[in-house]
Amino acid sequence: MSCIEARSISKSYDGILAVDSIDLSVPTGKIFGFLGPNGAGKTTTIKLLTTLVPPTGGTIRILGMDAISNPLEVRKRIGVVLQQPSYEPTLSVEKSIEKYAMMWNVDKKLQKDRMEDLLLAFDLQDIRKKKNDDLSIGHRRRVQVAREFVHDMDLLFLDEPTVGLDPSARRSLLDYIKKRVREGLTIFFTTHILEEAEYLCDEIAIINKGKIIAVDTPAELKNKFGREKTIKIHIDTIRKDLSVLLQGIRDYQIDYNSGTTITIQSHSSENILLKILKILTVNKIPIEDLSVVPTSLEEIFLTMVKNSNVSSD
Ligand SMILES: Nc1ncnc2c1ncn2[C@@H]1O[C@H](COP(=O)(O)OP(=O)(O)O)[C@@H](O)[C@H]1O
Ligand SMILES: [Mg+2]
């Protein structure tokens with residue numbers, strides 16, 4: 001069953017389309033990553049899906065319910081952590097979580113257990129009595145994310161939850177999310193950091209300028225767009241005559257550093273490699289090192305965003 005089904009949803013602010021007729025289909029029990037640069041429309045999409053702002057057009061079904069006609073029913077069964085910081089300055093970490101549990105009517109015993117679990121999972125035990133006002137930005141963000149997990153829900157929206165966290169807190173959060181999804185939760189997660197999406201998500205949609213430009217599993221995205229390989233040939237000595245020797249060969253670049261590096265970046269890099277190796281052998285130029293690097297998802301992402309900017313300008 002689909003947890004989120006959105007068809008042609010749009011949102012315009014003063015005539016500008018922040019979200020431009022997008023479709024989304026998120027299966028139950030998965031982590032869906034929504035990836036895009038700043039201003040792409042990620043937060044607006046989350047606000048539409050969580051019934052916080054009404055769409056300009058389109059239909060939205062959340063957990064089988066029509067979100068536009070039943071916003072209150074939808075809100076009872078979802079959680080959302082927005083990008084904006086939200087905290088009560090005078091409340092301690094514990095009290096912040098407790099207040100959320102009370103708002104959501106969580107049973108007292110359950111609340112106690114969950115409190116300890118969350119303090120542990122988010123590494124907040126040592127600062128449990130500290131007031132939000134006295135916390136670092138990273139700690140406040142951890143509290144903001146942790147408290148959302150205190151209530152029961154079927155679907156959770158997280159808008160760039162790792163911003164402001166140090167690498168180890170970031171990793172713990174991602175691993176905690178994975179654990180909760182194994183236990184049955186569905187997560188819609190936005191980020192502008194590709195490695196996060198790749199580490200966490202079953203499926204990724206890439207959004208740019210309000211439009212979805214690709215939806216796939218991380219592996220398929222790599223497969224479809226990542227055929228291009230980067231090959232580096234390192235030669236011990238600096239050969240200034242190399243470009244003359246390699247005349248007629250395309251898609252390579254020469255750098256002179258400690259020696260000479262030839263970088264080949266092409267869909268047919270193996271072919272080009274063979275030609276270059278032949279020329280090096282004929283000219284008795286010894287190769288110090290040779291490496292093949294599959295183009296990373298990061299590069300694919302940047303290329304896709306760049307291409308979609310060019311085609312829309
Ligand atoms: N309340 C608003 N009023 C006017 N414009 C807005 C509002 N919220 C977002 N926008 C605009 O919509 C676009 C998408 O913003 P947003 O959804 O916040 O992107 P992201 O979360 O991907 O950074 C941006 O151009 C932004 O300036
Ligand atoms: Mg945003």
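The values are calculated or read from the model by the stated rules, or taken from the named source; none is laboratory data. Predicted model only: the values in this text are computed from it and were never measured. Cβ atoms come from the backbone with ideal geometry, glycine included; neighbour counts cover every protein chain shown. Only protein heavy atoms, including side chains, enter the accessible area calculation; ligands, DNA and RNA are left aside. Shrake-Rupley method; radii C 1.70, N 1.55, O 1.52, S 1.80 Å.
Listing for the model above:
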read-out	value
Failed item, numbered, when GLN83 is tested on (1) out of contact with any helix residue (DSSP H, G or I) (no Cβ under 7 Å at 6 or more places or on another chain); (2) touching a residue at least 60 places away in the same chain (Cβ under 8 Å); (3) within 16 Å of ligand 2 (Cβ to nearest atom)	(1)
All positions within the range 32-64 that are among the aliphatic types (A, V, I, L, M), within 12 Å of ligand 2 (Cβ to nearest atom) and not in a loop (DSSP other than H, G, I, E, B)	LEU35, ILE46
Failed item in (1) farther than 23 Å from THR186 by Cα; (2) within 16 Å of ligand 2 (Cβ to nearest atom); (3) modelled with pLDDT of 95 or more, with ILE16 passing the rest	(3)
One residue from ILE187, ILE207, ILE231 being within 16 Å of ligand 1 (Cβ to nearest atom), open to solvent by less than 10 Å² (accessible area, probe 1.4 Å) and either under 15 Å from the mean Cα position of the chain (by Cα) or modelled with pLDDT under 90 (or both)	ILE207
Output for the range 149-174, where each listed residue is in contact (Cβ under 8 Å) with a residue 60 or more places away in the chain, outside any strand (DSSP E or B) and either within 16 Å of ligand 2 (Cβ to nearest atom) or touching a Pro at 6+ places or on another chain (Cβ under 9 Å) (or both)	GLU160, PRO161, VAL163
Cβ pairs under 8 Å, 6+ apart, first in the range 265-291 and open to solvent by 40 Å² or more (accessible area, probe 1.4 Å), second among the hydroxyl-bearing types (Ser, Thr, Tyr)	GLN265/THR230; GLN265/TYR252; GLN265/THR295
